[in-house]
Amino acid sequence: MAIAPQAVEQLATATRGTLVGPDDALYDEARAVYNGMIDKRPALVVRCADVADVIGAVRFARDNDVAVAVRGGGHNGGGLGTVDGGLVIDLGALRGVRVDPVARTVQAEGGATLGDVDHATHAFGLAVPGGIISTTGVGGLTLGGGIGHLTRGLGLTIDNLVGVDVVLADGSFVKADAEHNDDLFWAVRGGGGNFGVVTNFTFRAHPVGTVVAGPMLWQLDDAPEVMRFYREFIGGAPRELGGFFAFLTVPPGPPFPEELHLKKMCGIVWAHTGSPEAAERDLRPARDFKTPVLDGVMPLPLPAWNSAFDVLYPRGQQQYWRADFYNELSDEAIAVHVEHAAKLPTWQSTMHLYPIDGAAADPGKADTPWAYRDARWAEVIFAVDPDPANAELIKRWTVDYWDATHSFSAGGAYVNFMMDEGQERVRATYRDNYDRLATVKRRYDPTNFFHVNQNIRPAG
Ligand SMILES: Cc1cc2nc3c(=O)[nH]c(=O)nc-3n(C[C@H](O)[C@H](O)[C@H](O)COP(=O)(O)OP(=O)(O)OC[C@H]3O[C@@H](n4cnc5c(N)ncnc54)[C@H](O)[C@@H]3O)c2cc1C
């Protein structure tokens, strides 16, 4: 249904930010999200300048019966930050971050990126655990969970969330934290963008400034041995050591040595938050079991490490995603993983196994919606290429890989690593927490106004 021009005019008058529609020169830029495979045409994009604009946009969509997508950083693989024929509430201009170094808390607006938070906190020698690419939105990442280099030591991003400001589906504004709307506060810690537009996140920060970090790479032929080492080693390593396993193709440029360019390899990507001496001690077993072909571990400021991969994954490329949680990694499973790694379809395509033991396993399964507190790894199969002509190729590899390995997995998947797997997978991911999420959804969003997400349907 087309929106009445008069209603759009009224919204434009009431909005401090800008409205972009199909006839505007900026339309193609405003409708684009990070994944170039997503090509949706919203009726209107509202680039909000403040919370009042968000409230106005929500009320406008309600009054005019328009579907809504909320966009934080726009990174979601499934393109959940946009919608065909609907209204995009774009928070991209709301990127303010405020650090309280005394209370060690950080406030980030709903459209801030991880890089914005790292930049602001690093000046105080503090950090909030986030993800591994700095252009990712704090909004979507946090609401889905948040896995990164610091997860083993400091937990998921949601484990460091102390409160949110939310614009609800009826346009009202509420706070949710341990003292206010505790059911809503529970739900936003993993339940995605189902419950409202979060205009502000308050996080607990930690004294982390420098990390000893980098990749160690081995030959792909040695991958079974490296995976077995990793399986045995990481769970017993000190919490200050994070390290995810990866199948990868060596990027064709510096700082990688030319003889390794475009070679398929396997690796462990480390981040240690202790002293260089402690890192040397804790990483010694990885160097000793089989000398890495490349050892790129070095002391780095955390913001540099958290943005080190940005250049490999620029905006606008084709991406296809699949994911699973894993409790164990049997020799049989390893053999199937290696078989598919040998067929990595493009140099940016990869498989990562992120450890979610340590601090991420401390909360109970029902303490937050994140129900896989007992799983050891969150896996993502992530295929990428700049050329739209290769979209089918990367999709086929991802799906084939996932089909072949899924039976070894724990069942569900991290919602932020999923793409378009549908309702069954959303339920599998939240396990016993799904029904409670559906009850909270009924209370705060009974008409499923916020449905462009990994959707929780309101309880009947
Ligand atoms: C290159 C790349 C690297 C990544 N690395 C990691 C990683 O290391 N760790 C990790 O955990 N994840 C990672 N992710 C996944 C990431 O967490 C998800 O893609 C997440 O959805 C991105 O959030 P966003 O705000 O950028 O996305 P968007 O596309 O803007 O939004 C995604 C979803 O969240 C909702 N949403 C976003 N902001 C808000 C808000 N303020 N209020 C209400 N709803 C909101 C949207 O409505 C939508 O449903 C990565 C993704 C990419 C593309």
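The values are calculated or read from the model by the stated rules, or taken from the named source; none is laboratory data. All of these numbers come straight from a predicted model, not from anything done at the bench. Here the Cβ is made from the backbone with ideal geometry for all residues, glycine too, and neighbour counts use every protein chain on show. The accessibility values were calculated without ligands, DNA or RNA, using every heavy atom of the protein model including side chains. Shrake-Rupley method; radii C 1.70, N 1.55, O 1.52, S 1.80 Å.
For segment 241-257, give me each residue that is open to solvent by less than 10 Å² (accessible area, probe 1.4 Å) and either modelled with pLDDT under 95 or out of contact with any Leu (no Cβ under 9 Å at 6 or more places or on another chain) (or both). None - no residue of segment 241-257 is open to solvent by less than 10 Å² (accessible area, probe 1.4 Å) and either modelled with pLDDT under 95 or out of contact with any Leu (no Cβ under 9 Å at 6 or more places or on another chain) (or both), so the list stays empty. Only one entry in G36, G86 is in contact with a Pro (Cβ under 8 Å, 6 or more places away or on another chain), among the small types (G, A, S) and over 26 Å from F173 (Cα atoms), namely G36. Output yes when any residue across segment 34-45 is under 30 Å from G145 (Cβ atoms), open to solvent by 50 Å² or more (accessible area, probe 1.4 Å) and within 13 Å of the ligand (Cβ to nearest atom), and no when none is. Within segment 34-45 (the criterion being under 30 Å from G145 (Cβ atoms), open to solvent by 50 Å² or more (accessible area, probe 1.4 Å) and within 13 Å of the ligand (Cβ to nearest atom)), the answer is yes, since at least one residue qualifies. Taking the condition surrounded by 24 or more Cβ atoms within 10 Å (Cβ to Cβ) and either more than 13 Å from the ligand (Cβ to nearest atom) or touching a residue at least 60 places away in the same chain (Cβ under 8 Å) (or both), does G74 pass? So G74 fits the description; yes.
One line per residue, one yes/no per condition, for (1) under 29 Å from P224 (Cα atoms); (2) touching a residue at least 12 places away in the same chain (Cβ under 8 Å); (3) within 20 Å of the chain's Cα centre (by Cα):
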site: S330; (1), (2), (3): yes, yes, no
site: T368; (1), (2), (3): no, yes, yes
site: A383; (1), (2), (3): yes, yes, yes
site: Y401; (1), (2), (3): yes, yes, no
site: T405; (1), (2), (3): yes, yes, no
site: A413; (1), (2), (3): yes, yes, yes
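Number of residues in segment 258-274 that are touching a strand residue (DSSP E or B) at 6+ places or on another chain (Cβ under 7 Å) and either among the polar types (S, T, N, Q) or exposed (fewer than 15 other Cβ atoms within 10 Å of the Cβ) (or both) equals 2. Quickly run through segment 144-157 and pick out the residues that are more than 10 Å from the ligand (Cβ to nearest atom) and either open to solvent by less than 10 Å² (accessible area, probe 1.4 Å) or part of a loop (DSSP other than H, G, I, E, B) (or both). Residues satisfying the conditions are L150, R152, G155.
For the structure I just gave you, tell me whether L302 is closer than 30 Å to G79 by Cβ, over 17 Å from the mean Cα position of the chain (by Cα) and within 16 Å of the ligand (Cβ to nearest atom). Show your work before the answer.
Working: closer than 30 Å to G79 by Cβ: yes; over 17 Å from the mean Cα position of the chain (by Cα): yes; within 16 Å of the ligand (Cβ to nearest atom): yes.
It is true that L302 is closer than 30 Å to G79 by Cβ, over 17 Å from the mean Cα position of the chain (by Cα) and within 16 Å of the ligand (Cβ to nearest atom).
Scanning segment 85-105 for residues that are of a type outside the set (A, V, I, L, M, F, W, C), open to solvent by 20 Å² or more (accessible area, probe 1.4 Å) and within 15 Å of the ligand (Cβ to nearest atom), we see that the one that is farthest from Y320 (Cα to Cα) is G96.
Of the residues T439, T429, the single one that is polar (S, T, N, Q) and open to solvent by less than 40 Å² (accessible area, probe 1.4 Å) is T429. Restricting L161, L141 to those that are crowded, with 22+ Cβ neighbours inside 10 Å, within 8 Å of the ligand (Cβ to nearest atom), closer than 21 Å to A366 by Cα and among the hydrophobic types (A, V, I, L, M, F, W, C) reduces the list to L141. The set of residues in segment 275-287 being surrounded by fewer than 17 Cβ atoms within 10 Å (Cβ to Cβ) and more than 23 Å from V250 (Cβ to Cβ) consists of S275, P276, E277, A278, E280, R281, R284, P285.
Condition check: open to solvent by 10 Å² or more (accessible area, probe 1.4 Å), of a type outside the set (V, I, T), more than 12 Å from the ligand (Cβ to nearest atom) and more than 29 Å from H272 (Cα to Cα). Does A49 satisfy that? Yes; evaluated as a whole, the condition is true for this residue. Taken over segment 178-223, the residue count meeting the criterion of being open to solvent by 20 Å² or more (accessible area, probe 1.4 Å), within 16 Å of the ligand (Cβ to nearest atom) and assigned to a helix (DSSP H, G or I) is 1. Residues in segment 52-63 that are within 15 Å of the ligand (Cβ to nearest atom) and either hydrophobic (A, V, I, L, M, F, W, C) or surrounded by fewer than 17 Cβ atoms within 10 Å (Cβ to Cβ) (or both): V54, I55, A57, V58, A61.
Which ones in segment 311-329 are away from the ligand (no atom under 11 Å from the Cβ) and either open to solvent by 40 Å² or more (accessible area, probe 1.4 Å) or not hydroxyl-bearing (S, T, Y) (or both)? Please lay out each step first, then the result.
Residues of segment 311-329 that are away from the ligand (no atom under 11 Å from the Cβ), as a first pass: 311, 316, 318, 320, 322, 324-329.
Within segment 311-329, V311, G316, Q318, R322, D324, F325, N327, E328, L329 meet the criteria.
Is it true that some residue in segment 164-176 is touching a Lys or Arg at 6+ places or on another chain (Cβ under 7 Å), closer than 26 Å to G364 by Cα and either assigned to a helix (DSSP H, G or I) or open to solvent by 20 Å² or more (accessible area, probe 1.4 Å) (or both)? So far as segment 164-176 goes, yes, one or more of its residues are touching a Lys or Arg at 6+ places or on another chain (Cβ under 7 Å), closer than 26 Å to G364 by Cα and either assigned to a helix (DSSP H, G or I) or open to solvent by 20 Å² or more (accessible area, probe 1.4 Å) (or both).
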